[in-house]
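Asker: Dropping a structure here in structure tokens format, bear with me for questions.
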Amino acid sequence: MAVRDEIRKILPEVDEIKDKALRDKVLATWEAGLARGGWKPADIARIPFTLLKPVKISFADHVRSVTKICIAVSETFDEIYKGELKLNRDTLIAGALLHDVGKLLEIQEKDGKFGKSKDGALVRHPFSGLALADAQGLPAEVLHIIGAHSKEGDHGKRTAEAIILHLADFMNFDPLEG
């Protein structure tokens, strides 16, 4: 099975992106992150989504949950606000799928244990993820979401899509015991 097909199987929300060119760039970013980090697509379902709390939630499950919340928010806003607060759904989904892609460079597996990589100790995943996505030609609106999704974005202005992604991400982190 081709790498992109494996990624789509693990992260089926990729197919929610209507713009084929954007969808292809999202997949290319995942491919690049996997290759550079020395991972296989199946590892996305094994890697823990965080090293900060002892939880058994995989990287794939975290990305999928955050993405599904973003999709639900977009649909709710369209239904209730009738265009008064219009989100770019494709941009939001692309940002949600890629917000943590830099963890493929930040995390390593050594002797069967996951920990910070040497590079990850110096460059946090919002920055490495932004660099991976930029190299694949993702638009600035998606790069903004990736770069602003964590504490690094707390001191700047976030777009509506970046605010939603940020909150969805922390909804999937803060309530977890650790």
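Asker: Test of understanding: among VAL55, VAL101, VAL26, VAL66, which residue is surrounded by 22 or more Cβ atoms within 10 Å (Cβ to Cβ) and assigned to a loop (DSSP other than H, G, I, E, B)?
Answerer: The conditions single out VAL101.
Asker: Could you tell me which residue of the stretch 140-157 is modelled with the lowest pLDDT, considering only residues that are crowded, with 18+ Cβ neighbours inside 10 Å and not in a helix (DSSP H, G or I)?
Answerer: Of everything passing the filter in the stretch 140-157, SER150 is modelled with the lowest pLDDT.
Asker: Given the residues ALA28, ALA45, ALA96, ALA60, which is the only one that is touching a residue at least 12 places away in the same chain (Cβ under 8 Å), among the small types (Gly, Ala, Ser) and farther than 18 Å from ASN172 by Cβ?
Answerer: ALA28
Asker: Scanning for something among the β-branched types (Val, Ile, Thr) and surrounded by 19 or more Cβ atoms within 10 Å (Cβ to Cβ), does the stretch 75-89 turn up at least one residue?
Answerer: Within the stretch 75-89, not a single residue is among the β-branched types (Val, Ile, Thr) and surrounded by 19 or more Cβ atoms within 10 Å (Cβ to Cβ).
Asker: Among (1) within 13 Å of the chain's Cα centre (by Cα); (2) farther than 22 Å from GLU16 by Cβ; (3) not polar (S, T, N, Q), there is one condition VAL142 misses while meeting the rest; what is its number?
Answerer: Only one criterion is unmet by VAL142, namely (2).
Asker: Please indicate, with yes or no, whether at least one residue in the stretch 74-85 is among the polar types (S, T, N, Q), closer than 15 Å to ILE17 by Cβ and touching a Pro at 6+ places or on another chain (Cβ under 9 Å).
Answerer: no
Asker: Another question, if that's okay. Which of the residues spanning the stretch 82-98 are in contact with an Asp or Glu (Cβ under 9 Å, 6 or more places away or on another chain) and assigned to a helix (DSSP H, G or I)?
Answerer: The answer is ARG89, ASP90, THR91, LEU92, ILE93, ALA94, GLY95, ALA96, LEU97.
Asker: Could you list, in sequence order, all residues of the stretch 76-103 that are of a type in the set (Asp, Glu) and under 27 Å from ALA28 (Cβ atoms)?
Answerer: Correct list: ASP90, ASP100.
Asker: For PRO41, are the conditions met, namely being surrounded by fewer than 18 Cβ atoms within 10 Å (Cβ to Cβ), of a type outside the set (A, V, I, L, M) and more than 15 Å from LEU132 (Cβ to Cβ)?
Answerer: No; evaluated as a whole, the condition is false for this residue.
The values are calculated or read from the model by the stated rules, or taken from the named source; none is laboratory data. All values reported here derive from a predicted model rather than from experimental measurement. Positions of Cβ are generated from backbone atoms using ideal geometry, with glycine treated the same way; all protein chains shown enter the neighbour counts.
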